[in-house]
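Undergrad: Mind looking over this structure? Questions follow.
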């Protein structure tokens, strides 16, 4: 079973920030949080990952709470091309290559 | 960023034939690659872990004789669906990552297999 819980779906207006939450209350101290997205009929695309500190790259920002039990992926200016299913994944530290995929959050960016 | 290439992007084959799917890491070496399967409206399911120079590790319920995996080099893994049947029709996806601790996996663009 996936170690994360995410809302099933979200909507966002084009040009606004999209904030996608994820709960991972059973995360261990040395386990990373990874975010991927999958656009219809394509392979998953890596977005960002983090351990303790907040992270930012050209695609998104990742905000991790101090207790690390939840995180938020922020797309600062959503576009129509950001419509996708977003997955928050916390693999086991013992095998951080084995990704268990939940159902993710289906984000619809509306014009 | 790291690039993983998968080929073909789609294939249609007749029932009983075999199909080979290739997964290449283009700008890094990968001692381990992963193969997933995804049915419509479902999430990705890990099928097996491909290990360079040794046997693949299959997840429970995945038939190793039906889904043959070969990882003969540090940049190439292949998945062969043998004696394909219509129920094998699915979206097959591979992934690989650099060896640094915590580094993310990167995914191919998937192969849509349709068995008629």
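Undergrad: Could you check how many residues of the range B:25-69 are more than 13 Å from chain A (Cβ to nearest Cβ), under 15 Å from residue B:6 (Cα atoms) and surrounded by 16 or more Cβ atoms within 10 Å (Cβ to Cβ)?
TA: Number satisfying all stated conditions: 3.
Undergrad: What about residue B:108, is it within 20 Å of residue B:9 (Cβ to Cβ), touching a residue at least 40 places away in the same chain (Cβ under 8 Å) and at the interface with another protein chain (Cβ under 10 Å from one of its Cβ atoms)?
TA: The answer is yes for residue B:108.
Undergrad: Among the residues of the range B:70-101, which ones are surrounded by 15 or more Cβ atoms within 10 Å (Cβ to Cβ) and over 15 Å from residue B:50 (Cα atoms)?
TA: Once the filter is applied, which keeps residues that are surrounded by 15 or more Cβ atoms within 10 Å (Cβ to Cβ) and over 15 Å from residue B:50 (Cα atoms), the range B:70-101 yields B:82, B:84, B:88, B:89, B:90, B:91.
Undergrad: Any residue in the range B:53-73 that's assigned to a loop (DSSP other than H, G, I, E, B): show its pairings with residues that are at pLDDT 95 or above and exposed (fewer than 15 other Cβ atoms within 10 Å of the Cβ) at Cβ separation under 8 Å, as long as the two are six or more apart or on different chains.
TA: Between residues of the range B:53-73 that are assigned to a loop (DSSP other than H, G, I, E, B) and residues that are at pLDDT 95 or above and exposed (fewer than 15 other Cβ atoms within 10 Å of the Cβ), the close pairs are B:66/B:83.
Undergrad: Given the condition under 16 Å from residue B:43 (Cα atoms), modelled with pLDDT under 95 and within 11 Å of chain B (Cβ to nearest Cβ), answer yes or no: does some residue in the range A:49-57 qualify?
TA: no
Undergrad: Go through the range B:94-103 and count every residue that is touching a residue at least 12 places away in the same chain (Cβ under 8 Å) and either within 9 Å of chain A (Cβ to nearest Cβ) or touching a helix residue (DSSP H, G or I) at 6+ places or on another chain (Cβ under 8 Å) (or both).
TA: Looking only at that region, the number is 3.
Undergrad: What number of residues within the range B:81-93 are touching a residue at least 40 places away in the same chain (Cβ under 8 Å) and either at the interface with chain A (Cβ under 8 Å from one of its Cβ atoms) or assigned to a loop (DSSP other than H, G, I, E, B) (or both)?
TA: 6
Undergrad: Here's a follow-up. Just one of (1) within 13 Å of chain A (Cβ to nearest Cβ); (2) surrounded by 14 or more Cβ atoms within 10 Å (Cβ to Cβ); (3) under 14 Å from the mean Cα position of the chain (by Cα); (4) under 25 Å from residue A:85 (Cα atoms) trips up residue B:10, so point out which.
TA: Against the list (1) within 13 Å of chain A (Cβ to nearest Cβ); (2) surrounded by 14 or more Cβ atoms within 10 Å (Cβ to Cβ); (3) under 14 Å from the mean Cα position of the chain (by Cα); (4) under 25 Å from residue A:85 (Cα atoms), residue B:10 comes up short only on (2).
The values are calculated or read from the model by the stated rules, or taken from the named source; none is laboratory data. None of the values given here were measured: they were computed from a predicted structure. Neighbour counts are summed over all protein chains in view; Cβ atoms, including those assigned to glycine, are modelled from backbone coordinates with ideal geometry.
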